[in-house]
1. Amide H neighbours of ASP146 under 5 Å, at least 5 residues apart or on other chains, H built in the peptide plane: list them.
2. Just need the Rg to Rh number for segment 282-334, please, alpha carbons only, Kirkwood Rh.
3. For the peptides 144-154, 272-282, what is the packing order when you average, over each peptide's residues, the other Cβ atoms within 10 Å and list the highest mean first?
4. Ranked from highest to lowest mean number of other Cβ atoms within 10 Å per residue, what is the order of the peptides 233-239, 124-130, 309-315?
5. Would you tally the net charge around PRO172, using a Cβ to Cβ cut-off of less than 12 Å, leaving PRO172 out, and scoring K and R as +1, D and E as -1?
Amino acid sequence: MAGLLPRATKRLRLSPTSGIICRDCRRAVTSSIRHSQQQQPAPSQHVSQSEKTTHFGFETVAEELKASRVRTVFSSVAASYDTMNDLMSLGIHRLWKDHFVRSLNPGIRPTSYSQSAAGQTILDIAGGTGDIALRLLDHATTINRDNGTSVIISDINPEMLAEGRKRFATSPYYASTATSPNRRVSFLEANAEDLSAIESNSIDLYTVAFGIRNFTHKEVALKEAFRVLKPGGVFACLEFTPRLSNPIMNGIYKRWSFGAIPLIGQVVAADRESYQYLVESIERFPSQPEFASMIEEAGFIVPGKERGDGGELQGGWEDLSLGIAAIHKGVKPV
């Protein structure tokens, strides 16, 4: 997977004299790259000094406004979200998601003593369009022969959930069958920082893919994940990282992110600003050691963690594609 990025970069390198890209588009790319090189949070003119603030991309906003602004972003991009993911990652996000699900091995394989299993209850947070949930159910059913595992797809955004319902509308997981008399997927509109609709100690597996960086209070969401998981339950997160360890590849990646992705959003979805925010939100996300520490502070055991001489975490996550994305896991103590 790591070799895909350099080859993709060569294929996508733009010549300054190319006639394929219009002059205005080249100017737009150049402007975005200059903006990314500054990488300074923009002060908000609408926040008083007494208000608690947080970041919305590079902008500083009142904490109480971030959730609604994130909701607006994803309302705007919902219909084209999957297509844009393919274009932004050159399709590599599909490989990451497949690997993410395989690493979790969802489902309970029936034993020789029982031909059926109760299955797992999985909560997929920020799972709107349902692509992770579908992978989880496919794996449980085809690999572990588990027809009992079910997934709750939760998202703060009703438009994203609507896309998920469309995806599952013709799926056997959303209908009662002889082998699965109950629906195996359900939808919940909720903020990940307040999962009061979910009982404590009721979830076997909590997944969140490319969503937690948009949360206002990530530490609160982690505490909620800890609460709803059963003892021995697993928290699993797939998320972009703010920087690559290789400085040369990091520079190439940043040029692609800030130069091309907002432009693609403008051309394909007619929404440059939303995709500019998505790129900026990656820059503001904690590094792998910082986020692993947050998971640990929420009460989880971090598998494979290692500490350096200074006590900082040096392991406990899995980098993907040179560290463009990473998988983090935590286990709730029994």
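Each value in this text was obtained by applying a stated rule to the coordinates, not by laboratory testing. Owing to the predicted nature of the structure, the values given are computational and were not obtained by experimental measurement. Because the Cβ atoms are built from the backbone with ideal geometry, glycine has one as well, and the counts that use them run over all protein chains shown.
1. Those qualifying (amide H under 5 Å, at least 5 residues apart or on another chain) are THR141.
2. The Rg/Rh ratio comes out at 0.97.
3. 144-154, 272-282
4. Peptide ranking by packing, descending: 124-130, 233-239, 309-315.
5. +1
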